[in-house]
1. Which percent, to the nearest 5, of DSSP beta bridges fully inside the chain are antiparallel?
2. Pull up the cross-link candidates among the aspartates and glutamates for LYS219, meaning alpha carbon to alpha carbon under 14 Å and not fewer than 8 places away within one chain.
3. Compute the angle between helix 102-116 and the longest alpha-carbon principal axis of the chain, please, reported from 0 to 90 degrees and rounded to the nearest 10.
4. Using a simple charge model, +1 on the beta-carbon of Lys and Arg, -1 on the beta-carbon of Asp and Glu, nothing else, what dipole does the chain show about its Cα centre, in debye to the nearest 20?
5. Would you mind calculating the gained length between LEU148 and VAL23 on full extension (0.36 nm times residue separation, minus the Cα-Cα distance), in nm to one decimal?
6. Cα centroids of the range 168-229 and the range 303-331: how far apart, whole angstrom?
7. Counting only other residues whose beta carbon sits under 12 Å from that of ILE18, what net charge do I get with K and R as +1, D and E as -1?
8. Enumerate the calculated ³J(HN,Hα) couplings along the range 22-31 in order (Karplus 6.51 cos²θ - 1.76 cosθ + 1.60, θ = phi - 60°), each rounded to whole Hz, writing x wherever the residue is Gly or Pro.
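Please treat every number below as a calculation from the coordinates, not as lab data. It should be emphasised that the depicted structure is a prediction, and the values quoted were computed from it without experimental measurement. As a convention, Cβ positions derive from the backbone with ideal geometry for all residues, glycine included, and neighbour counts pool all protein chains shown.
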Amino acid sequence: LYEDAQKEILSADSLQQIENLRVKYLGKKGELTQILRGMGSLKPEERPVIGQIANEVREKIEGLLTETKNKIAQLEKEKRIKSEYIDITMPGKPYEYGHKHPMTQVLDEIKKIFLGLGFSIAEGPEIEFTYYNFEALNTPEDHPARDLQDTFYVTSDILLRTQTSPVQVRTMEKNKPPIRVISPGRVYRSDEIDATHSPVFHQMEGLVVDEGITMGDLKGVLNIFAKKFFGEDTNTKFRPHYFPFTEPSAEMDVSCFACGGKGCRVCGYTGWIEILGAGMVHPNVLRMSGIDPEKYSGFAFGLGIDRITMLKYGIDDLRLLFENDLRFIQQF
Ligand code: PHE
């Protein structure tokens, strides 16, 4: 019996097999147990002899089982450790870093320039009262911009702001001159989407109010901005324009370089491109915002951030800025 058991135990190669063998030989119905049970039928003088042999065999089998079990457990452990081994000297997987959207980069750069000139940042709501977007900006009831076709109204008193200019009014209501703020943000107009239009786009307002502010200050500040942003050799040109909330009003063009000054989709064919509207704050606007137009004067400007981003990088389709196609975004 012991020899059978020994042969079987030594050829076992899993913990489960060892357990099966333990049951086979030592279990309640096991072979050795049967022998011990049968002791009753032996002659009394044979019992101690057989009993001793049976116990010895039992001990040996038990010992062998335990020994083999430990050996197998050790082997399995080694196998597991080998399969879980991590080679810490292997090079890591390359990690892909994200970066700022080109428009955020441009906005950061613009902010830096104006903060350097002593401006601070003001914010206003995108869902705005009609009053701040139009009335307080001296925009008459019959002005075309107020048309339902061009403006998203929420109610007749509330709309999605069509420009960042309402922040001018909110800033003047809350602060006394000297005022020097810029205010970037989203604006909304009811436009069809195409290469140069989107119902949501981005503007940045600028406002300076103090004693003795003139059109010369306006031109000086915007000139510095254009040169710092587009490069020192950039020229600017101011053309007369009309806005209800500034008088006089102007549009500023910069010399176009996105396509080497030659005609292209981004710059057109004149060598100049318009980047902002500006003017001296209308006395009516100052007065309605609680500032005395006899004592103070100011200038304001509003520029399109999307437009300036397109110009800076020579992007010819506005939609690329909003679609977040990584193949496009990763180029910046
Ligand atoms: N709000 C004007 C626009 O959206 C731009 C502007 C701002 C003009 C400030 C003059 C002064 O076109």
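1. Rounded to the nearest five, the antiparallel share is 95 percent.
2. GLU251, ASP253
3. Orientation of helix 102-116: about 60 degrees from the principal axis.
4. 1340
5. Contour length minus the Cα-Cα distance gives 36.0 nm.
6. So the two Cα centres are separated by 21 Å.
7. So the surrounding residues net to -2.
8. Working through the residues one at a time gives 4, 5, 4, 9, 10, x, 4, 9, x, 4 Hz.
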